[in-house]
Structure formats: C-alpha cells, structure tokens
Amino acid sequence: SIEREGFVAYESGDYEKAIISFNKIPFNDRKQYVDFYLAQSFLNLDQIESAKQYLKKTLSSESQFGGEAQWYLALIAIKEKNKEEAIEQLNLLLADFDYNRNKALELLKKLE
C-alpha cells in the first residue's frame, strides 16, 4: 500500500520519499498518525515550518501522537530561541499529556 511504502521510506531514512508517499494517500483515507510522521520527515530534512504545520495538524486531530507533537513544538521553539513559545508549549504539554513529563518539567525550570 501507499502508506506502507511511506513507512518503509521513513524507517530507511529516505524522508523525501516518505513525504511523497504519505502525500499520495487520499485525505479521506489518511490515518491521523500520518500527519505526525510527515512532521517527523520534514524535521529530519530541517524543513521546520512544514514540520510545525503538520505537528499542529496532529494536535488538532486529537491523534494518539498529541503529546509527542506538543513536545516537538516545544523543542522547535527552543531551537528557534523563542523562549516564550517554548514555555507555552511545555505548559500545554504538561496540562494535556503525560509524554516526556519529567523532561518537560526540567526544561521548563531551565527556561524560567
């Protein structure tokens, strides 16, 4: 299947092919987790704005990867030296998810 093709490419580190494959999946047939893997693929290619777009889609779809998406949005904000945004993302993560809770608390302490 197209989705399987995308995951094979993703797992082998061929992120450009993964993006192409994932984007071939018709929108109505696309599982919620595909947006998260699109975001990861864009992150691995250092295409930060596209990654953020798909991480936000992951959050808005209430995907099983919501916590992970929130975590990566916080990390992107830190990388971009946007302290205010990073703190906001970490607080949202702590309020809504348990993913990387201890790491999020540590980062928050360092940022404040």
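The values are calculated or read from the model by the stated rules, or taken from the named source; none is laboratory data. Keep in mind that this is a model prediction, so the values were computed, not measured. With ideal geometry, Cβ positions are generated from the backbone for all residues, glycine too; neighbour counts draw on all protein chains shown. Heads up: the accessible areas ignore ligands, DNA and RNA and are worked out on the full protein's heavy atoms, side chains in. Shrake-Rupley method; radii C 1.70, N 1.55, O 1.52, S 1.80 Å.
Computed over protein heavy atoms with a 1.4 Å probe, the carbon and sulfur contribution to the accessible area of the chain reaches 47%. Taking all protein chains into account, the per residue accessible area for the chain stands at 60 Å² (1.4 Å probe). Calculated on the Cα set of the range 1-76, radius of gyration then Dmax: 11.4, 33 Å.
Would you mind checking the pairs K17/K110; K52/K109; K31/K110; K24/K83; K17/K56; K24/K103 and listing those with alpha carbons more than 32 angstrom apart? Too far apart for the 32 Å limit: K17/K110; K31/K110; K24/K83; K24/K103.
With +1 on the Cβ of every Lys and Arg and -1 on the Cβ of every Asp and Glu, and nothing else charged, how large is the dipole of the chain about its Cα centre, in debye rounded to the nearest 20?
Values: 15 positive and 19 negative charges, 17 e Å.
In debye, rounded to 20, the chain gives about 80.
Taking every alpha-carbon pair under 8 Å whose residues sit at least 6 apart, the chain reaches a relative contact order of 16 percent.
For the range 42-96, state which GluC sites (Glu not before Pro) are in a DSSP loop and have at most 13 other beta carbons lying within 10 Å of their beta carbon.
E62, E80
The stretch between Y99 and R4, if pulled fully straight at 0.36 nm per residue, gains 31.6 nm over its current Cα-Cα span. Of all complete DSSP H helices in the chain, not one has a Cα span along the helix axis of 30 Å or greater and a mean Kyte-Doolittle hydropathy of 0.0 or more.
Mind checking the full-extension length gain between S50 and L92? Use 0.36 nm per residue of separation minus the Cα-Cα distance, one decimal, nm.
On the way: separation 42, 0.36 × 42 = 15.12 nm, distance 2.09 nm.
Length difference between fully extended and current span is 13.0 nm.
When the trypsin sites (Lys or Arg not before Pro) in the range 31-112 are filtered for DSSP coil states and for at most 10 other beta-carbon atoms within 10 Å of their beta-carbon, the remaining sites are K81.
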